[in-house]
Amino acid sequence: MKKVYTCIICPNGCEIEAEIEGTYVLSVKGHTCDKGETYVRQELTAPMRTIATSVRVEGGELPLASVRLTAPVPKEMIFPVMEQIKKLSLKAPVEAGTVILKGVCGLASDVVVTKHIKEFKHI
């Protein structure tokens, strides 16, 4: 069976055609770098995803701080990971780079803040 993938690894966004039988890849065409073939093989056997979202900040100049995962997680774990992230709330000030949840859902990925949020100062 032929399947077409759009590679999301680099900005090229190659359209890759893979000939597959079950989870076995017979051939891969259309990628402009080696990452494309690796991406297709991973998508077929163990798809992984990263998550970028936001968390509430109490007492901050902004109400939300952007966060992301430090490593991709299995695709089927996106919703359980998001449930854990939704439970988080931070108190300003918040420093970018701060790990706010280690090993989310028992996985080898942490939730880290990506934006500095200063404390709101009343004038």
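The values are calculated or read from the model by the stated rules, or taken from the named source; none is laboratory data. Note that the structure is predicted; figures quoted are calculated from it, not measured. Neighbour counts are summed over all protein chains in view; Cβ atoms, including those assigned to glycine, are modelled from backbone coordinates with ideal geometry.
Of all residues in the stretch 83-110, those being assigned to a loop (DSSP other than H, G, I, E, B) and of a type outside the set (Asp, Glu) number 12.
Between ILE117, ILE78, the distinction of being aliphatic (A, V, I, L, M), at pLDDT 95 or above and under 13 Å from the mean Cα position of the chain (by Cα) belongs to ILE78 only.
On the stretch given as the stretch 2-37, residues that are more than 20 Å from MET48 (Cβ to Cβ), touching a strand residue (DSSP E or B) at 6+ places or on another chain (Cβ under 6 Å) and of a type outside the set (Lys, Arg) total 6.
Going through (1) over 30 Å from VAL104 (Cβ atoms); (2) in the same structural domain as LYS91 (by TED's automatic domain parsing); (3) among the acidic types (Asp, Glu) one by one, GLU58 falls short only on (1). Determine, yes or no, whether PHE120 is surrounded by 13 or more Cβ atoms within 10 Å (Cβ to Cβ) and either within 30 Å of GLY36 (Cβ to Cβ) or touching a residue at least 12 places away in the same chain (Cβ under 8 Å) (or both). So PHE120 fits the description; yes.
Contact map, the stretch 20-37: residues that are among the β-branched types (Val, Ile, Thr) paired with residues that are exposed (fewer than 10 other Cβ atoms within 10 Å of the Cβ), Cβ distance under 9 Å, separation 6+ or inter-chain. Pairs shown: ILE20/MET1. Selection of strands (runs of 3 or more DSSP E) fully inside the stretch 1-69 by the criterion of at least 2 residues being under 30 Å from GLU95 (Cβ atoms) and of a type in the set (Gly, Ala, Ser) returns 52-58, 64-69.
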